[in-house]
1. Would you say Gln151 is of a type outside the set (Ser, Thr, Tyr) and free of Cβ contacts under 8 Å to residues at least 40 places away in the same chain?
2. Report, by residue number, each residue of the stretch 22-55 that is of a type in the set (Asp, Glu) and either touching a residue at least 12 places away in the same chain (Cβ under 8 Å) or in contact with a strand residue (DSSP E or B) (Cβ under 7 Å, 6 or more places away or on another chain) (or both).
3. Could you check the stretch 12-24 and list, in sequence order, the residues that are surrounded by fewer than 19 Cβ atoms within 10 Å (Cβ to Cβ) and either assigned to a strand (DSSP E or B) or not aromatic (Phe, Trp, Tyr) (or both)?
4. Restricted to the stretch 244-263, and to residues that are without any contact (Cβ under 8 Å) to a residue 40 or more places away in the chain and under 21 Å from the mean Cα position of the chain (by Cα), which residue is surrounded by the fewest Cβ atoms within 10 Å (Cβ to Cβ)?
5. Looking at the stretch 90-132, which of its residues are modelled with pLDDT under 95, within 21 Å of Asp188 (Cβ to Cβ) and of a type in the set (S, T, N, Q)?
6. Test of understanding: among Thr156, Thr202, Thr181, Thr162, which residue is among the hydroxyl-bearing types (Ser, Thr, Tyr), at pLDDT below 80 and in contact with a Leu (Cβ under 8 Å, 6 or more places away or on another chain)?
7. Kindly indicate the residue of the stretch 163-175 that is in contact with a strand residue (DSSP E or B) (Cβ under 6 Å, 6 or more places away or on another chain) and within 24 Å of Asp115 (Cβ to Cβ) and also surrounded by the most Cβ atoms within 10 Å (Cβ to Cβ) among those meeting that condition.
8. Name the residue that is farthest from the chain's Cα centre (by Cα), counting only residues in the stretch 154-177 that are of a type in the set (D, E, K, R) and more than 21 Å from Ser128 (Cβ to Cβ).
Amino acid sequence: MDIETLVRRYAEIETLPLPFDVDALCIHSSSARPRVLVNSRRAETRGRFTLAHELGHILIPWHLGSLGCHAADWSEAADMEYRSTEAEANRFASELLMPSAWISEILKTSPTIKDTVESMEQAQVSRSAACFTLIQALPPGYLLVETDREQRVRRTARSSGTTAEGPKAGEVAPQELGKATTRVERIDAGPSCFLWYCLRPTHAPVRPKEDSRTILDRMLWRREKGTSVQQSIAGFVGAAFSRWPPSSVDEAYALLRQRLMQPDLDWFTRDREFDKFIAAKAHELVARPGRKRRE
């Protein structure tokens, strides 16, 4: 696709060194033809996605006025309205350059995430754009972490339905997420590195004879942990189930396994009775009378 020719149907394009930390400026008013000012200081690999992003601002009716755009880094912005506007333009650009149906076809024949991303580069987009578009197309069970050269986290994203929490910005990215991880794939992209955590598919075991409280008490006693830790675990469980009410025991088991993979709880998730505990808890929560079910 000749994205520049397409954008020129709707706007004037000018490339110049902008004195701002933006990918482009979109100057859009009702009285004049829109203008797109592309920052020549940015890497050329970002150019196609940036133009598609600006076209989204022009064609989406409620994106009015002049906008300074961070086509790749919108998620780091503080202003919620700006983040929402940039996210919409990013989704427009992703679908224009890397259609969902096309990605689905690639996934059928690509054995690894890296193979998929390399195939997506046929769209002449950066690896960053390919990675953050792909994560939206994958099923539950994938976590994407972008790091700098020192392996410190810049930002994270999850596939739809994934509840596992990734490391926080500024932390050193771990090599795995405990028992939840089946494999980790690394994709280098200049000053950045993209770590893909592929999470283990989960099916709940048969309900244990002991209840989850008895199992948890024994785990805490072995590790000499107190009431505060017990409350912390209960908080993680409660927050997860209030936000993502599961529709089955298997879903509840997967949700608990992912949600409890926290750095502070590494000792807990590696305990020999961790699987037994979450199996008991999953069965109890799904069987609880009057619980809210997700439609």
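The values are calculated or read from the model by the stated rules, or taken from the named source; none is laboratory data. Quantities reported herein were computed from a predicted structural model and do not represent experimental measurements. Because the Cβ atoms are built from the backbone with ideal geometry, glycine has one as well, and the counts that use them run over all protein chains shown.
1. Details: of a type outside the set (Ser, Thr, Tyr): yes; free of Cβ contacts under 8 Å to residues at least 40 places away in the same chain: no.
Answer is no for this residue.
2. Step one: filter the stretch 22-55 for residues of a type in the set (Asp, Glu), giving 23, 44, 54.
Of everything in the stretch 22-55, those that are of a type in the set (Asp, Glu) and either touching a residue at least 12 places away in the same chain (Cβ under 8 Å) or in contact with a strand residue (DSSP E or B) (Cβ under 7 Å, 6 or more places away or on another chain) (or both) turn out to be Asp23, Glu54.
3. Here is the first cut: in the stretch 12-24, the residues surrounded by fewer than 19 Cβ atoms within 10 Å (Cβ to Cβ) are 12-21.
Within the stretch 12-24, Glu12, Ile13, Glu14, Thr15, Leu16, Pro17, Leu18, Pro19, Asp21 qualify.
4. The initial filter retains those residues of the stretch 244-263 that are without any contact (Cβ under 8 Å) to a residue 40 or more places away in the chain, namely 248, 251, 256, 260.
Filter again for under 21 Å from the mean Cα position of the chain (by Cα), leaving 251, 256, 260.
On the way: Glu251: 19, Leu256: 26, Leu260: 24.
So, considering only residues that are without any contact (Cβ under 8 Å) to a residue 40 or more places away in the chain and under 21 Å from the mean Cα position of the chain (by Cα), the one surrounded by the fewest Cβ atoms within 10 Å (Cβ to Cβ) is Glu251.
5. Ser110, Thr112, Gln122, Gln124, Ser126, Ser128
6. Working: Thr156 fails: at pLDDT below 80; Thr202 fails: in contact with a Leu (Cβ under 8 Å, 6 or more places away or on another chain); Thr162 fails: at pLDDT below 80.
It is Thr181.
7. Ala164
8. Quick first cut of the stretch 154-177, residues of a type in the set (D, E, K, R) only: 154-155, 158, 165, 168, 171, 176.
Narrowing further to those that are more than 21 Å from Ser128 (Cβ to Cβ): 165, 176.
Details: Glu165: 10, Glu176: 16 Å.
Among them, the one singled out is Glu176.
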